[in-house]
Each structure stands twice: as C-alpha cells, then as structure tokens.
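Data block below; observations after.
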Amino acid sequence: MARSLPASPPSRLRAWRRNKALGRFLANKLAVFGALILLTFAALALLAPVISPYDPAQASFTDLRSAPSPEHAFGTDELGRDNLTRVLYGARVSLSAGLVSVTLAMLSGTFFGLIAGYFRGWLDELIMRVVDAMLALPFLVLAITLAAILGPSLQNTMLAIAIVTAPAFARVARGEVLAQREREYVQAAQALGASSGRTLWRHLLPNISGPLIVQTSLAIANAVLAESSLSFLGLGVQPPTPSWGSMLNTARGYLADAPWLAIFPGLAIFLTVLAFNLVGDGLREALDPRGRTS
C-alpha cells in the first residue's frame with residue numbers, strides 16, 4: 001500500500017517556525033516596548049480596585065477640579081472624582097471593547113472569507129460585494145450610524161465596532177485562501193478524501209493565521225479609537241461608568257482651568273493605540289520576514 005502524503009507541514013516544522021517568529025518578534029525593540037505597554041495597561045485595569053482607594057463614581061464636592069497632588073495623582077474632575085481611578089477603570093472599558101469587538105469581527109469575517117475564497121462562484125461574488133459595499137463607507141461614520149441605531153451602551157458599541165471591522169478580516173482571509181488553495185498540501189488533502197470542512201479548518205486556517213493575527217492587533221487599535229470616539233459623542237458607555245472618550249468629552253469645557261482632565265485620558269488613548277500598532281508591525285515582520293528590508 002502506498003504511503004499517504006502529509007497534507008500539511010509536520011508539527012516539528014510548525015513549532016520551529018513559531019520559535020523563529022518569536023525570536024524575530026523579541027528582537028524588535030519597538031514591538032517589545034509596545035507589548036510591555038499593553039501588559040502594563042492590562043495589569044493596571046485588572047488591579048484597579050487594589051491600586052486605587054477611591055470609587056470611580058463617588059463625587060466629592062470639596063475637591064472639584066483639584067490639580068494633581070499626592071492625594072490625587074491625576075487630579076479630580078468636575079464632580080470631585082479621582083481622575084486616576086477613572087482612567088484605570090476606563091482602561092477596562094476600552095480594552096474590553098477592543099478585544100471583544102475584534103474577536104467577534106475576526107471569527108465572523110474569517111468564516112466568510114474562508115468560504116468565499118475556497119468555494120468561489122456565486123457565493124464568493126455575493127460575500128465580496130457586501131464586503132466591498134461596507135468598506136466603501138468610512139469606518140467611523142458606519143460605526144456611528146450603527147451605534148445610533150442600536151442605542152447607546154457598551155454592548156451595542158462593541159457590536160457596532162465588530163460589524164464594521166469584520167469586512168477587513170473577510171478580505172484578508174479570502175486573499176490568503178486564494179493564494180493557498182492551489183498549494184500542494186491542499187491538493188494532497190483533497191486527493192486523500194478530506195472534506196471541505198476539514199481542509200478549511202485543519203489545513204488552510206493554520207497556514208493563513210499569520211496575516212490574521214497581524215490584522216487582529218491592528219484592528220484592536222482601531223477599535224479602541226472607535227470606542228473612545230463613540231463614547232465622546234455620547235453613543236458609547238453611559239455615565240457614571242468611566243470611559244476615556246466620555247472623560248475627554250467632559251474635559252472640553254475645562255481645558256483652560258483644568259487641562260489635566262483631558263491630558264491623562266488622552267495620553268492613555270495615545271499610548272494604547274501606539275502600543276497595538278507597534279505590536280502589529282512587529283508581528284508582521286516576525287510572521288512574514290520576507291517583507292523586511294535587508
């Protein structure tokens with residue numbers, strides 16, 4: 001009996017590739033710096049009740065718009081609430097909104113991209129025309145429209161961001177499937193009688209995961225910005241729940257006499273988005289070293 005051909009790279013080869021990619025990522029100082037920033041924000045968000053002794057919603061009318069001090073490192077807001085505490089709890093909202101919405105977008109967009117690129121035909125045409133129509137609209141405008149229709153809340157904000165982010169994953173997944181579907185390992189799997197589902201899940205998906213991982217890290221940065229923008233416009237998280245975007249909206253009226261109200265949440269948004277982009281660039285170089293300049 002003839003020996004069956006392996007349908008995908010051996011596990012040892014895949015492990016070696018993962019180790020090489022990790023080494024390239026760790027050699028990228030900017031990417032590691034971005035990862036450290038993200039880990040710091042994640043730790044601060046998780047430990048917010050331990051780090052800060054204040055309640056993020058508790059007002060103190062004796063400390064209205066107090067400047068940064070040893071008691072209130074980031075000052076207080078227009079209701080006397082500790083600004084550092086609200087920035088820490090706002091990290092929970094922004095990071096969770098980015099992670100949850102992009103996870104939903106990745107799962108749905110990758111699914112449709114896989115079946116569009118693998119089966120082609122009328123199904124591919126239908127899916128990609130819908131994707132093209134959604135991508136033709138500005139990202140933030142579409143997110144604002146959906147959030148306004150769904151209503152202001154964190155759950156609806158995450159759903160709106162997921163819907164407008166999914167087409168990018170569908171396009172990336174479809175393009176990678178088209179590039180891989182004629183490769184020898186896919187043809188070998190089909191020749192050995194593998195079903196379409198097994199071919200997609202077991203063989204194609206692991207080999208297109210690199211670009212999807214890069215897209216995920218970059219999409220989370222956009223999702224954090226989108227959540228902050230929607231909260232700034234009053235379409236996201238509602239008071240008194242702290243959110244970086246809503247904190248910036250409140251700070252507009254106090255820029256002259258209390259600039260710290262805008263500086264700290266704005267700096268948190270800037271560092272988070274910068275960190276995700278640095279990590280995304282590092283992952284792109286680590287997973288696809290051909291794209292690097294020598």
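Descriptive notes on the structure:
- Relative contact order %, region 202-294, counting alpha carbon pairs below 8 Å whose residues are six or more apart: 34 percent
- Loop sites by DSSP among the GluC sites (Glu not before Pro) of the chain, restricted to those with at most 14 other Cβ atoms within 10 angstrom, leave 183-294 as the longest stretch without any of them.
- Simple Cβ-charge dipole of the chain, Lys/Arg +1 and Asp/Glu -1, about Cα centre, in debye nearest 20: 1560 debye
- Applied to region 105-114, the Karplus parametrisation 6.51 cos²θ - 1.76 cosθ + 1.60 on θ = phi - 60° returns per-residue 3J(HN,Hα) values of 5, 5, 5, 6, x, 5, 4, 5, x, 4 Hz, with x for Gly and Pro.
- With Cα atoms, 0 to 90° folded angle of helix 209-232 axis to the chain main axis: 30 degrees
- Candidates 77, 281, 55: whichever shows maximal mean-square fluctuation once the chain is modelled as a Gaussian network with Cα springs under 10 Å: 55
- Dipole check for region 198-294: with +1 at the C-beta of Lys and Arg, -1 at the C-beta of Asp and Glu, and the Cα centre as origin, the magnitude is about 420 Debye.
- Using the Karplus relation 6.51 cos²θ - 1.76 cosθ + 1.60 with θ = phi - 60°, the per-residue 3J(HN,Hα) values for region 177-185 come to 5, 4, 6, 9, 5, 9, 6, 4, 5 Hz, with x marking Gly and Pro.
- Stokes-Einstein D in µm²/s, Kirkwood radius over Cα pairs - region 96-160 at 20 °C with 1.002 mPa s viscosity: 164 µm²/s
- Helix 11-27 axis versus longest C-alpha principal axis of the chain: approximately 40°, rounded to the nearest ten.
- With the charge dipole of the chain set up from +1 on Lys and Arg Cβ and -1 on Asp and Glu Cβ about the Cα centre, the Cα lying farthest toward the positive end among the listed residues 278, 253, 72 is that of 278.
- Across the options 199, 117, 25, the greatest Cα extent toward the positive end of the charge dipole of the chain (unit charges at beta carbon of Lys, Arg, Asp, Glu) belongs to 199.
- Remark on residue 75: its backbone amide H falls under 5 Å from those of 69, 83, 84, a criterion applied only to residues 5 or more positions apart or on other chains, H modelled at 1.01 Å from N.
- Cα long-axis angle, helix 29-46 against the chain (0 to 90 degrees, to the nearest 10): 60 degrees
- Other residues lying with their Cβ under 15 Å from the Cβ of residue 190 contribute a combined charge of +3, Lys and Arg counting +1, Asp and Glu -1.
- Under the Karplus curve 6.51 cos²θ - 1.76 cosθ + 1.60, θ = phi - 60°, whole-Hz ³J(HN,Hα) for region 190-201, x wherever Gly or Pro sits: 5, 5, 7, x, 5, 6, 4, x, 5, 4, 5, 6
- Site-free segments of the chain were taken between trypsin sites (Lys or Arg not before Pro) in DSSP loops having at most 12 other Cβ atoms within 10 Å, sites themselves excluded; the longest one is 4-291.
- Close amide H contacts of residue 80 (hydrogens built in the peptide plane, cut-off under 5 Å, sequence separation of 5 or more or a different chain): 60, 65.
- Option label - Rg and Dmax of the Cα atoms in Å computed here, alternatives (1) 22.8, 86; (2) 23.1, 77; (3) 20.7, 69: (1)
Read the figures in this text as sums done on the coordinates, not as results from a lab. Everything numeric in this text was worked out from a predicted model, so none of it was measured. Neighbour counts are summed over all protein chains in view; Cβ atoms, including those assigned to glycine, are modelled from backbone coordinates with ideal geometry.
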